[in-house]
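Chemist: Have a look at this one.
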Amino acid sequence: MGADQTIDWRNAAASALDWWHEAGVDTLVGDVPRDWFAAPEPLVVPATTPAAPVVAPSAMPLLLADFLAWRSGAQVPEADWSGVSLAAIGPADATVMVLVDCPDRDDGDAGALLSGASGRLLDRMLAAIGLTRDEVHLAAVCAKRPTAGRIQSEVEERLAEIAKHHIGLVAPQRLLILGNAASRAILGTELQAARGRLHGFNHKTAQTKAGDASDMTSVVASYHPRFLIEKPAAKAEAWKDLQMLMGEQMSQKGAR
């Protein structure tokens, strides 16, 4: 194999992990064999210790500018993670909000969400429905990229609360959720189950339930651009999702 054909195995492995994660696979098979017929280990009951006091999470700011500053501070789950914390970008009163799972691998160096190939594909997706990146509010469930791009289960609930609060501060008319982790955070379900239908999100109560029309955000879940790059055949389904997101506006545009 020539020098120009050398494969970057580290990036290739990370890309494969990203692909499977977007497809909904988040559990790995153990590498160590297990003897299923072995006698169970004796149960060891630990000494009783006083329960640690429950510390309530700090209240989140009620103004978007204050929230965005708080989002990169010491009170969030990612505070002790390595890497760069990337803030959401876009108008505070955007009609359309886009939520992804976390920054891509190269976003930290670029200092912005979806800065590489995934971002270029997102820009084309937005252009197809008559939008530009400057017109949408772009945010991530994780402000930093977790290990291997997968959100740890122990912080999922808190990150979901933060993301829902963020949506409430923007109060968009439409929300495009990209990827499996973002779907779980906002809709409480896997991407494949969430796709293909319009969801209602009450941005006043941060719940997927009915409310006054002015309090409701229409939500569509679709594939993350990085998944579409790995599996181009899914772009046709993603286009249907985008049409559903824009709804009547796309129908009127097609009738002209």
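Chemist: Which FRET efficiency value, to the nearest 0.05, do you get for Asp109 and Ile89 by plugging their Cβ-Cβ distance into 1/(1 + (r/R0)^6) with R0 = 22 Å? Don't skip to the end; give the middle numbers.
Modeler: Working: r = 16 Å, r/R0 = 0.74.
So the FRET efficiency works out to roughly 0.85.
Chemist: Multiplying the sequence separation of Glu156 and Asp215 by 0.36 nm and subtracting their Cα-Cα distance, what value in nm do you get?
Modeler: 18.7 nm
Chemist: Can you give the accessible area of Arg197, probe radius 1.4 Å, in Å² rounded to 10?
Modeler: 120 Å²
Chemist: Using θ = phi - 60° and the Karplus relation 6.51 cos²θ - 1.76 cosθ + 1.60, list the HN-Hα couplings for segment 94-108 in order, rounded to whole Hz, with x at every Gly or Pro.
Modeler: Using θ = phi - 60°, the values come out as 4, 6, 10, 10, 10, 10, 10, 6, 6, x, 6, 4, 8, 5, x Hz.
Chemist: Something else: From the square roots a ≥ b ≥ c of the eigenvalues of the alpha-carbon gyration tensor of segment 145-203, which class results: rounded (a/c under 1.5), prolate (a/b over b/c), or oblate?
Modeler: It is oblate, given that a/c is not under 1.5 and a/b is not larger than b/c.
Chemist: Let me check something: with ligands and nucleic acids excluded, how do Ile129, Ile229 order by accessible area (1.4 Å probe), largest to smallest?
Modeler: Highest to lowest solvent-accessible surface, that is Ile229, Ile129.
Chemist: Continuing with the same structure: Going 7 Å from the Cα of Ala65 toward and past its Cβ, which residues in segment 160-202 have a backbone nitrogen under 17 Å from where you end up?
Modeler: Answer for segment 160-202: 169-170.
Chemist: Could you give the accessible area per residue of segment 107-243, probe 1.4 Å, as a whole number in Å²?
Modeler: 41 Å²
Chemist: What list of ³J(HN,Hα) couplings, whole Hz, do you get for segment 226-242 from phi and the Karplus terms 6.51, -1.76, 1.60, once you set θ to phi - 60° and write x for glycine and proline?
Modeler: So the J values, rounded to whole Hz, are 5, 5, 5, 5, 6, 9, x, 4, 7, 5, 5, 5, 5, 5, 4, 5, 5.
Chemist: In addition: I'd like the carbon and sulfur percentage of the solvent accessible area for segment 181-248, probe radius 1.4 Å, heavy atoms only, ligands and nucleic acids excluded.
Modeler: 50 percent
Chemist: Under the 0.36 nm per residue contour assumption, what length would be gained going from the current alpha-carbon distance of Ser72 and Gln192 to full extension?
Modeler: 40.1 nm
Chemist: Moving to a separate point now. Tell me the Kirkwood radius of segment 50-195: reciprocal of the mean inverse pair distance over distinct alpha-carbon atoms, in Å.
Modeler: Its Kirkwood hydrodynamic radius stands at 15.8 Å.
Chemist: Using label points projected 7 Å from each Cα along Cα→Cβ, tell me how many nm separate Asp134 and Ala148, to one decimal.
Modeler: It is 4.1 nm.
Chemist: Same structure, new question: Please compute the length gained on full extension between Gln173 and Lys204, using 0.36 nm multiplied by the number of residues separating them and subtracting their Cα-Cα distance.
Modeler: 9.9 nm
Chemist: Can you give me the three principal axis dimensions of segment 122-222 from its C-alpha atoms, in Å, biggest first?
Modeler: Here the Cα extents, ordered largest to smallest, are 35, 33, 26 Å.
Chemist: With every protein chain present, what accessible area does His165 have (1.4 Å probe, heavy atoms only), rounded to the nearest 10 Å²?
Modeler: The value for His165 is about 40 Å².
The values are calculated or read from the model by the stated rules, or taken from the named source; none is laboratory data. Worth saying up front: this structure is predicted, and the values here are computed from it rather than measured. Counting neighbours? That spans all protein chains shown, and the Cβs are built from the backbone with ideal geometry, glycine included. These accessible areas exclude ligands, DNA and RNA; they are computed on the full protein's heavy atoms, side chains included. Shrake-Rupley method; radii C 1.70, N 1.55, O 1.52, S 1.80 Å.
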